1. Could you list, bin by bin from short to long, the percent of Cα-Cα pairs of the stretch 75-125 in 5 Å steps?
2. Using 0.36 nm per residue, how much length does the chain from Asn103 to Lys214 gain when fully extended, once their Cα-Cα distance is taken away?
3. Pairs Lys15/Lys142; Lys15/Lys85; Lys142/Lys188; Lys7/Lys34; Lys34/Lys87: which are spaced more than 29 Å apart, C-alpha to C-alpha?
4. Rounded to the nearest 0.05, what FRET efficiency is calculated for Leu21 and Leu158 with R0 set to 22 Å and r the Cβ-Cβ distance?
5. Express in Å², to the nearest 10, the accessible area of Val194 obtained by rolling a 1.4 Å probe over the protein heavy atoms while all chains stay in place.
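The values are calculated or read from the model by the stated rules, or taken from the named source; none is laboratory data. Only a predicted model underlies this, so the values are computations on that prediction, with no experimental measurement involved. Ideal geometry is used to build each Cβ from the backbone, glycine not excepted, and the neighbour counts take in all protein chains shown. Keep in mind that these areas ignore ligands, DNA and RNA; they rest on the heavy atoms of the full protein, side chains included. Shrake-Rupley method; radii C 1.70, N 1.55, O 1.52, S 1.80 Å.
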Amino acid sequence: MLFHLVKKDLILAKKYLLVMLIFAVVAPIFFYSKLRFSNGSFASFLITVLFMEYILFNMVSMQEDKYGGSALLCTTPYTRNGVIKAKYLYVLVIFIGCFLLYNLATAIGSSIGLARLNIYSVGIALLIISVFFGILIPIQTKFGYEKTKYIFFILIFLTPFILPAIIEWYQSTNFNINFSLSLPQTVKVWMPFVISILIGLISMIISIRIFSKKNL
């Protein structure tokens, strides 16, 4: 059932899907050419994912808000829980798609230094996406698309300017979240994925509770 809801979201976004798939390959190369520091590959991937996720997620939210999609879905056999869970699964599907296309971009942009990401870097990117959408989805569920679209749009718009500065600051300090964790290296590598799942689950529970009480 969740598969059909995610498929529905992809169909709603199909008008922009081809353009965004091309963007997912071209954007990392473009951003990397502008971000000249040691973690440029990670920053390029993260900025691309944020743009992709936000645009495709908002396309669906806009369509549903315009035509009352959520209210219509609740008149079908789909449960309110399922509608919310599908939103989080949709975000994850886009992330996986971006990661696969990023690997294609690295094959094209290897000559300028764009490199594949290690598991830890992918986990950190997923963690950041989880935090962003873990906040966005409950707020949008509570207040609606129209009341929240500009706040998160401004944040996404500022990302290419703010993120490189944050990463450079991080690299210029000796701060490292790993040094204080007396855990096996394998656990440390996969820790961002675990935290991402926990954030997603907590956010999903909050969104479900909000949506279950909402009058459509």
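1. 5, 17, 18, 17, 13, 9, 8, 7, 4, 2, 1
2. That pair, Asn103 and Lys214, stretches by 35.9 nm at full extension.
3. Lys142/Lys188; Lys7/Lys34; Lys34/Lys87
4. The calculated FRET efficiency here is 0.35.
5. Estimated to the nearest 10 Å², Val194 gives 70 Å².
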